[in-house]
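Enquirer: I'd like to ask some things about the structure below.
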Amino acid sequence: MIKTEHLTKRYGRLTAVDDLSFEVVPGEVLGFLGPNGAGKTTTMRMLTGFITPTSGRAWIYGHDVESDPIAARTCIGYLPEGAPAYGEMTARAFLEFIADLRGLRGAVRRARLDTVIQRLELAPVLQQSIETLSKGFRRRVGLAQAIVHDPAVLILDEPTDGLDPNQKHEVRTLINEMSRGKIIVISTHILEEVDAVCTRAMVIARGRLVADDTPAGLAARSRYHNAVSLQLERPEQLAVAREAVAALPQVAAVEVDERGGKLTALPAGGAAILGPISDRIAQAGVHVVALRVEPGRLDEVFRTLTHL
Ligand SMILES: Nc1ncnc2c1ncn2[C@@H]1O[C@H](COP(=O)(O)OP(=O)(O)O)[C@@H](O)[C@H]1O
Ligand SMILES: [Mg+2]
């Protein structure tokens, strides 16, 4: 597993990572969430041994990243931010180079290269230089180099950043496929990513841990948790609907979207309010075309948690 104790990194007077202690176990896909500058990349660089902590410690499967860096790094596959690679190398030459660095030899080397090339569907671009590849393929080459030695731990720094929606989906699917039995840590500032791939999310703001929860647990902190949205058939009924819903004691507030002909009722104390609302709406003669219970809004929770 991964374990850190009081992990801290200072740059002069700036504390980039401030006293982080956590553990991650196999099977977990941990999302590192935080605004730009929160300390995500710095934390990942310490875990991967690229920079040394100012204080505190980190272990990868029992190997101290500072005193036993080679053993620690052997367990890790790392996709750095922006997935840098040697642009003038062909995709194949680059992957072979990384396989050599990882100490793979002979039949094992061939088999691992074949496996990652197949898994990331790189066959059509193997002879192309990396700088001529599309962003999506370049990211796949980055992922391939991270997993070529079949590491137990994958650390991916903003793996979908800058990709188009289809490519994002592709990368998330790959991460889901790779996650079985492994530890995956991915950093992101994209909230939908948390729902799409993570089993757990740590929110970091200004270097400090401000939340550590499941995606559903985070969403449940939202004031929209269990809120009920109604799409009206006739927008002119909005006023009537609002009045009817607002009169319920279980409803704390009602938000109206005039243009969309939509109304959202926020529950008092997070209680379930679907039943009373649908009854009341029917009594009031309001026609509803869609009705939805919200899990909660991650963007709102994120803003609240990371607000400076
Ligand atoms: N080498 C460095 N020297 C000085 N400050 C740095 C250095 N690396 C990162 N920082 C600062 O540390 C903070 C955290 O940065 P970073 O870990 O890259 O954040 P994130 O990845 O969450 O966007 C930022 O304020 C950044 O400017
Ligand atoms: Mg970063």
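Throughout, read-outs are computed from the coordinates displayed, never taken from laboratory work. Note that the structure is a prediction, hence the values are computed from the model and not measured. Here the Cβ is made from the backbone with ideal geometry for all residues, glycine too, and neighbour counts use every protein chain on show.
Enquirer: From the residues Phe97, Leu209, Thr43, which one has its Cα farthest along the dipole of the stretch 2-219 in the positive direction, the dipole being from +1 and -1 charges on Cβ of Lys/Arg and Asp/Glu about the Cα centre?
Expert: Value: Phe97.
Enquirer: Sticking with this one: Which of the peptides 175-187, 270-282 is most tightly packed, and how do the rest follow, judged by the mean count of other Cβ atoms within 10 Å per residue?
Expert: Going by the mean number of other Cβ atoms within 10 Å, highest first, we get 175-187, 270-282.
Enquirer: Taking the beta-carbon count within 10 Å as an exposure proxy, list Val256, Val65, Val25 from fewest neighbours to most.
Expert: In order of increasing Cβ crowding within 10 Å: Val25, Val256, Val65.
Enquirer: If you average the sequence gap of Cα pairs under 8 Å that are 6 or more apart and divide by the length of the stretch 190-308, what percent do you get for the contact order?
Expert: With pairs under 8 Å counted, the relative contact order is 34 percent.
Enquirer: Between 0 and 90 degrees, rounded to the nearest ten: what's the tilt of helix 274-283 against the longest Cα principal axis of the chain?
Expert: 30
Enquirer: Separate question: All other residues with a Cβ under 10 Å from the Cβ of Arg200 taken together, and with Lys, Arg as +1 and Asp, Glu as -1, what is their net charge?
Expert: Net local charge, Arg200 excluded: -3.
Enquirer: Given +1 on the Cβ of Lys and Arg, -1 on the Cβ of Asp and Glu, and no further charges, what dipole in debye does the stretch 228-306 carry about its Cα centre, rounded to the nearest 20?
Expert: With only Lys, Arg, Asp and Glu charged at Cβ, the dipole is about 60 debye.
Enquirer: Once you keep just the Cα pairs under 8 angstrom separated by 6 or more residues, what percentage relative contact order results for the stretch 142-220?
Expert: 25
Enquirer: Straight-line reach only, C-alpha to C-alpha below 26 angstrom: list the lysines that Lys9 could link to, leaving out same-chain residues fewer than 8 apart.
Expert: Excluding near neighbours in sequence, the set is Lys40.
Enquirer: Based on the inverse mean of 1/r over its pairs of different Cα atoms, what is the Kirkwood hydrodynamic radius of the chain, in Å?
Expert: Every distinct Cα pair counted, the radius reaches 21.8 Å.
Enquirer: Relative to the longest principal Cα axis of the chain, at what angle does helix 165-178 sit, 0 to 90 degrees, rounded to 10?
Expert: 70
Enquirer: For the stretch 228-306, just the Cα set please: Rg and Dmax, both in angstrom.
Expert: Values for the stretch 228-306 (Cα only, Rg and Dmax): 12.7, 43 Å.
Enquirer: Here's a follow-up. Nothing charged except the Cβ atoms of Lys and Arg (+1) and of Asp and Glu (-1): what's the magnitude of the dipole of the stretch 177-308 about its Cα centre? Round to the nearest 20 debye.
Expert: Its charge dipole is roughly 360 debye.
Enquirer: Then there's this: For the stretch 128-187, compute Rh as the Kirkwood radius over C-alpha pairs and then the Stokes-Einstein diffusion coefficient at 20 °C and 1.002 mPa s; write the answer in µm²/s, rounded to an integer.
Expert: So the translational diffusion coefficient is about 178 µm²/s.
Enquirer: In straight Cα distance, which aspartates and glutamates are under 17 Å from Lys168, not counting same-chain residues fewer than 8 positions off?
Expert: Glu81, Glu121, Asp157, Glu158, Glu177, Glu192, Glu193, Asp195
Enquirer: Taking the chain as a Gaussian network, Cα atoms linked when under 10 Å apart, which of Ala265, Ala241, Ala284 shows the biggest mean-square fluctuation?
Expert: For the chain, modelled as a Gaussian network with Cα springs under 10 Å, the answer is Ala284.
Enquirer: Additional query: Restricting to Cα pairs below 8 Å that are 6+ residues apart, what does the relative contact order work out to for the chain? Please round to a whole percent.
Expert: Rounded, it is 20 percent for the chain.
Enquirer: Right, something else. Treat every Asp and Glu Cβ in the chain as -1 and every Lys and Arg Cβ as +1, leave all other atoms uncharged, and give the resulting dipole magnitude about the Cα centre to the nearest 20 debye.
Expert: 500
Enquirer: Additional query: DSSP beta bridges in the chain, what fraction antiparallel, as a percent rounded to 5?
Expert: Bridges in the chain are about 65 percent antiparallel.
Enquirer: Counting only helical runs of four or more DSSP H residues, what would the 222 nm mean residue ellipticity of the chain come to if each run contributes -39,500 (n - 2.57) and the total is spread over all its residues?
Expert: -10000 deg cm²/dmol
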